[in-house]
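Where a number appears in this text, it was derived from the coordinates with a stated rule and is not lab data. Since the structure is predicted, the reported quantities are computational estimates derived from the model, not experimental observations. When we count neighbours, we look across all protein chains shown, and the Cβ atoms used for this are built from the backbone with ideal geometry, even at glycine.
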């Protein structure tokens, strides 16, 4: 198995109700040393903890880190099931309760960040602060993602699996997806990024979680929930993000200025500024962490 983790990080396992979660850390969670910062990846095909590795690799000498592959992703187990928002509430809550001493600082991306906002509204005791990149519910401000063409295709039996195999689970599709949807500048895509995403797409039963995101089963209108958030939150946006445009993310943030303290836009970056400009995002996160 290829190792996509920074030096000093090892893979461990945590048994949860939904399955076995693989996670990566450079610390012994059974030994005192500070509450870990938890990094949660997005929910697109091939996603895994690798997505944040360029950032937590820069912070690992200073802060303890926990970076899981969520159940159904990466090296975690892939139960065959119809995944729901509640499944992610359950696995994230159990992860934080098992491996940290809440309240905890959580870093998350995109739809996962939207899920985290909703969970923080329900369980504010779990969260100390949030550092979120392009938080979204995929159906924000009344837009119903479930009636989009990709969602309809991903909901059609037979076509859904074919769509996954042709559109995600091969190297050509991975390169196309990274270059045309995730990155502002394809020249920043490195071989390890392609191989990490490709490995994620090719895990047995990986299509179940990916299709649940693509067909709209995990989608919701984040605008309905963000006003309930009380956890101090920093939002980071990629200037050229195609999935959550800056204007939409800024509008979401404006619904709760009491909780969303700061919004940063990273120039010339797409939906994953932490892969395009990891040093910039790491510096932004450091500035939040040093506030205590």
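A few remarks follow.
- In terms of the mean number of neighbouring beta-carbon atoms within 10 Å, the peptides 49-61, 227-239 order highest first as 49-61, 227-239.
- Average projection area in nm² (convex hull over Cα atoms of segment 7-76, one quarter of hull surface): 4.7 nm²
- Distance from segment 192-232 to segment 131-148 (C-alpha centre basis), Å: 11 Å
- Counted by neighbouring Cβ atoms within 10 Å, the residues 268, 87 run from fewest to most as 268, 87.
- Using the average count of surrounding beta-carbon atoms within 10 Å as a protection proxy, the listed peptides 113-119, 132-138, 8-14 rank, highest first, as 132-138, 113-119, 8-14.
- Peptides 104-111, 88-95 ranked from most to least packed give 104-111, 88-95, packing being the mean of other C-beta atoms within 10 angstrom over each peptide's residues.
- A crude spin-label estimate for the pair residue 251 and residue 187, with each label 7 Å from Cα along the Cβ direction, gives 3.4 nm.
- FRET efficiency estimate (nearest 0.05) - Cβ-Cβ, residue 290 to residue 261, R0 22 angstrom: 0.90
- Put in order of Cβ neighbour count within 10 Å, fewest first, the listed residues 125, 192 become 125, 192.
- The GNM of the chain, with springs linking C-alpha atoms under 10 angstrom apart, assigns the highest mean-square fluctuation among 145, 176, 220 to 176.
- Label separation (residue 208 vs residue 162): 2.4 nm, computed from points 7 Å beyond Cα along the C-beta direction.
- On the principal axes of its alpha-carbon atoms, the chain has extents of 49, 43, 40 Å, going from largest to smallest.
- Gained length - residue 268 relative to residue 80, 0.36 nm times residue gap less alpha-carbon distance: 63.8 nm
- DSSP beta bridges in the chain [antiparallel fraction, %, rounded to 5]: 30 percent
- Alpha-carbon Rg/Rh ratio, for segment 150-292, with Rh computed the Kirkwood way: 1.01
- Extended-chain gain in nm, criterion 0.36 nm per residue less alpha-carbon gap, residue 195 and residue 128: 20.7 nm
- Look at 287, 187, 42 and count the other Cβ atoms within 10 Å of each Cβ; fewest to most, that gives 187, 287, 42.
- Contact order relative to length of the chain, as percent, for alpha carbon pairs under 8 angstrom and 6 or more apart: 21 percent
- Stokes-Einstein D (µm²/s) once Rh is taken as the Kirkwood radius of segment 45-107 over alpha-carbon pairs, at 25 °C in 0.890 mPa s: 187 µm²/s
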